[in-house]
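Undergrad: One structure coming up, written as structure tokens, with questions to follow.
Nothing in this text is a laboratory measurement; each read-out follows from the coordinates by a stated rule. Predicted, not measured: the structure shown is a model, and the values here were computed from it. Positions of Cβ are backbone-derived with ideal geometry, glycine not excepted, and every protein chain shown enters the neighbour counts.
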Amino acid sequence: MPYASVVLDIPTRALGTAFDYAVPPALAADAVTGATVLVTFARRAAVGYVVAVRDEPPEGVPAEKIRAIEQVLAPAAFDDVAARVAAWMAREYACPLAEAVRPFLAPGQKVRVTRAAEGAPWELQTERAGAVDDRWARLAPAANDYEPPRSASRQRAVIEALLTGPLRVAELSATIPGAASAVAALERRGVVAVTRRRRLRGSDDTTLSSAAAPRPERLTDGQRAALDAIERARAAGRGDVVLVDGVTGSGKTEVYLAAIERALADGRGALVLVPEISLTAQTVGRFRSRFGDEVAVLHSRLSTGERFDQWDLVRQGVARVVVGARSALFAPLAEVGLVIIDEEHEGSYKQDKSPRYHAREVAAELARERGAALVLGSATPSLESLERCRAGGFRGARWTRVEMPERPGAAVLPRVTVVDMAEQFRGGGRSIFSAPLADALLDVARRREKAVLLLNRRGFANFLMCRECGCVPECPHCSTALTYHERGHLLACHTCGRTWPVRAFPDPSTSCPNCGSRYLAAFGVGTQRVEDELAMLLPQDVEVIRMDADTTRAKGAHQRLLERFDAAECAVLVGTQMIAKGLDFPEVTLVGVINADTMLKLPDFRAAERTYDLLEQVAGRAGRGSRPGEVIVQTYWATHPAMRAVASHDRATFLDAELAERAEAHYPPFSRLANVVVWGRSEGDVRSVCDEMAAAVRERVRGSAGWEVLGPADCVKARVKDRFRRHLMVKAPADADLGGMLGELAASIPRRAGSNMAVDIDAYDLM
């Protein structure tokens, strides 16, 4: 009798291992690796996932004492390789094994089970994610000899509609009232044949002109070098990594497409990750223009049913190229030959909920297990990737960096001007647009071209402040200042999402919550204000399009806004950092950065790196066509190395200073960093748990070189949704088993009711 190792979906660190169950003969064909099963645990029914099957019982346990699997609830969603990757994730990121398995499950699958009646089989709950069939009608041969009665006008209309070809019955019903009954009558007479076809959701096309990938006449020298390096990595079959370090607009996407073509020719598939959902339509369009229906798309803005259909195409082997956000990494693509991560430097590849994985690291492990090649692409590679390429390898895989320093054809890098806003202020400038930027925007309007303006802040203003007492309204549930949104006349907390109606000065109803003064005025700049100021500065025939978290909440909003910008004759796209990367519009000749200092002052050791990445990426949106581009960066810190590096397109200017600081302070890439956060309603319990964890870590690493424990201390956001938050940070050597150690210690700390702990390995959010 076979025996299965089953991971129970019970969210606790105490169940860190799989449990063994016997597989009854009746279930042997279905109870395979990846299947969801129903078992008995602690005298109650529990849902679990099979992660391994073997022929022998576990050593030391009599076979008769091993409970049997009771029921298979869902077919296999992953294979043995995925199970090993999940086990690695659980240890690497200090999370329960069940949480590491969940990303590999079918979309919409829940943990809960129900049954229709006592004694009936249990059924796994889903979010209506099953396959959907449509009824299609077509004319049968008998239609040639059939003449509808004079009174059967609906039958006649249906036949006329079907002369053009098969149509969905639902489509006929939408255009012809009563078509369904007419189709049924015609079917009984053999005039119409009705069949069922699987409806594939989530395959919508786009009208973006940049969503096509015409094959170039020739590759650049940099593209050929990158492609050769990828082929060598793929041939090695051990998870080697190629970092494609190409300037913006250098043609990295064409390298990806050519490499995938070669992988498909060898019978292998590819996973392609993009950092922003806003880039998905453009990227998917390019890949579908080259590979057609072999492309599946997976990201969070798809409905559950759409995600299931795309996921199922991969499972069936119909789609061999998967494009999407970080969750696409877990698609059930068995024959993986390539894993590609575009804009690999992006922090969005780090998951902020358990399992708190980084897509780059999971992709590297997946590539090792699958014998595939991992390709990282960026114009601003992360310091971690650059350091691994300098070292030549990491965790048994070879890391190679290939440069692509030129743009194809006549395109050149844009000219960058850094404007010191302090000097503008001293010269009498009070506008949010400096004189050079305002003049450049008017020139764009005159030449009927397009521009992109970046401001990493949504809303109308950063905050409201009373000019008499200095009060800044804060969220009563979070330790953050409220952001003013003029369109709805409200203050919003961008941490918990709560809003309060308020009108800023000079509205006569304005009142300071502290002193009652009516001088509660808006300070700072948000995307709404930039949009309003542009409307006053530019001619009326220049379309202004705002793209931020407020305007992209609706499904498909990213795509619709970008299509609108693409179709406009002359337009300005205003947005947050979602517009700063990956977008390819040859008509854009001007990029402006309203306030480049937004992130520089954050209490985060990556603040300078993120600022440089963002500015260099958004600068690369200009001059991608035949017309030269211009970039204007507004800042109050013009001498910062990041600003000087962007101005000269010389990364070394920034890297030399940044790496020296990181090495001195022993921060990544010269170490690993974990952030342990404790939160709860009781401040005393939070403090106690955090202190105990800090003491346990210090005791474990005492005397070990390269280890350091910082804290505990209040988080920067010390209160979120009425929960108090404290944290400690742990620095460790670059090759340390940080997750395994912290996960073990976290499981040993006694919990207080209402307190929670999160262990974030290789943390990106330290707030």
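Undergrad: Taking the convex hull of the alpha carbon atoms in the range 626-767, what volume per residue do you get, in Å³?
TA: In the range 626-767, the Cα convex hull volume per residue is 175 Å³.
Undergrad: Percent of alpha carbon pairs in the range 522-659 separated by more than 24 Å?
TA: Numbers: 3223 of 9453 pairs.
Here the tail beyond 24 Å accounts for 34 percent of pairs.
Undergrad: If every alpha-carbon in the range 460-525 counts as one equal scatterer, what log10 I(q)/I(0) does Debye give at q = 0.27 1/Å?
TA: -1.25
Undergrad: Which cross-chain or sequence-distant (5 or more) residues have an amide H under 5 Å from the amide H of Arg401, H modelled 1.01 Å from N in plane?
TA: It is Leu243, by chain and number.
Undergrad: How large is the direction-averaged shadow of the alpha-carbon convex hull of the chain, in nm²?
TA: Projected area, direction-averaged: 42.1 nm².
Undergrad: Cut-off 18 Å, label point 7 angstrom out along Cα-to-Cβ of Gln540: give me the residues of the range 563-589 whose amide nitrogen falls inside.
TA: Once the point is set 7 Å along Cα→Cβ of Gln540, 569-572 turn out to lie under 18 Å by backbone N, inside the range 563-589.
Undergrad: Could you work out how much longer the chain between Asp656 and Ala549 gets when fully extended? Use 0.36 nm per residue separation minus the Cα distance between them, nm to one decimal.
TA: My answer for the length gained is 35.0 nm.
Undergrad: To the nearest 500 deg cm²/dmol, what mean residue ellipticity at 222 nm is calculated for the chain from DSSP H runs of n ≥ 4 alone, each contributing -39,500 (n - 2.57), summed and divided by the residues?
TA: -9000 deg cm²/dmol
Undergrad: Related question: Give me the number: length gained by fully extending Ala663 to Arg54, i.e. 0.36 nm times residue separation minus the C-alpha to C-alpha distance, one decimal in nm.
TA: Extra length from Ala663 to Arg54 when fully extended: 214.5 nm.
Undergrad: So how much slack lies between Ala45 and Gln316, counting 0.36 nm per residue of separation and subtracting their Cα-Cα distance, in nm? Each step should come with its number before you reach the end.
TA: Numbers: separation 271, 0.36 × 271 = 97.56 nm, distance 3.08 nm.
Additional length available on full extension: 94.5 nm.
Undergrad: Quantify how much of the Cα-Cα distance distribution of the range 688-767 extends past 16 Å, in percent.
TA: Counting every Cα pair in the range 688-767, those more than 16 Å apart make up 52 percent.
Undergrad: If you average the sequence gap of Cα pairs under 8 Å that are 6 or more apart and divide by the length of the chain, what percent do you get for the contact order? Each step should come with its number before you reach the end.
TA: Values: 1603 pairs, mean separation 85.1, N = 767.
Computed over the chain, the figure is 11 percent.
Undergrad: Hey, with R₀ at 22 Å, roughly what FRET efficiency would Glu147 and Val194 work out to, going by the Cβ-Cβ distance, to 0.05?
TA: 0.60
Undergrad: Just check the range 368-421 against the gyration tensor rule for me: Cα atoms, a ≥ b ≥ c as the square roots of the eigenvalues, rounded for a/c under 1.5, and otherwise prolate or oblate depending on whether a/b exceeds b/c.
TA: prolate
Undergrad: Within 10 Å of each residue's Cβ, count the other Cβ atoms and sort Tyr519, Tyr349 from fewest upward.
TA: Neighbour counts put them in this order, fewest first: Tyr519, Tyr349.
Undergrad: Given the convex hull over the Cα atoms of the range 132-199, what projected area results after averaging over all orientations, in nm²?
TA: Numbers: hull surface 17.3 nm².
Mean shadow area of the hull around the Cα atoms is 4.3 nm².
Undergrad: Cα centroid distance between the range 50-90 and the range 179-199, in Å?
TA: 47
Undergrad: Another one. I'm checking a number: the convex hull volume of the Cα atoms of the range 3-126, normalised per residue, in Å³. What is it?
TA: In the range 3-126, the Cα convex hull volume per residue is 115 Å³.
Undergrad: What percent antiparallel are the DSSP beta bridges of the chain, to the nearest 5?
TA: 55
Undergrad: Right, another one. Hey, what did the range 209-404 get for relative contact order, percent, Cα under 8 Å, at least 6 apart? If you can, show how the numbers build up before the last one.
TA: Working: 380 pairs, mean separation 68.2, N = 196.
Contact order relative to length: 35 percent.
Undergrad: Something else now. May I ask you to derive the FRET efficiency for Glu708 and Asp80 from their Cβ-Cβ distance with R0 = 41 Å, giving the value to the nearest 0.05?
TA: Working: r = 39 Å, r/R0 = 0.94.
With R0 = 41 Å, the Cβ-Cβ based efficiency is 0.60.
Undergrad: Find the relative contact order for the range 132-199 and round it to a whole percent, using C-alpha pairs within less than 8 Å whose residues are 6+ positions apart.
TA: Here the relative contact order equals 54 percent.
Undergrad: Nothing charged except the Cβ atoms of Lys and Arg (+1) and of Asp and Glu (-1): what's the magnitude of the dipole of the range 403-527 about its Cα centre? Round to the nearest 20 debye.
TA: Taking the Cα centre of the range 403-527 as origin, the dipole is about 340 debye.
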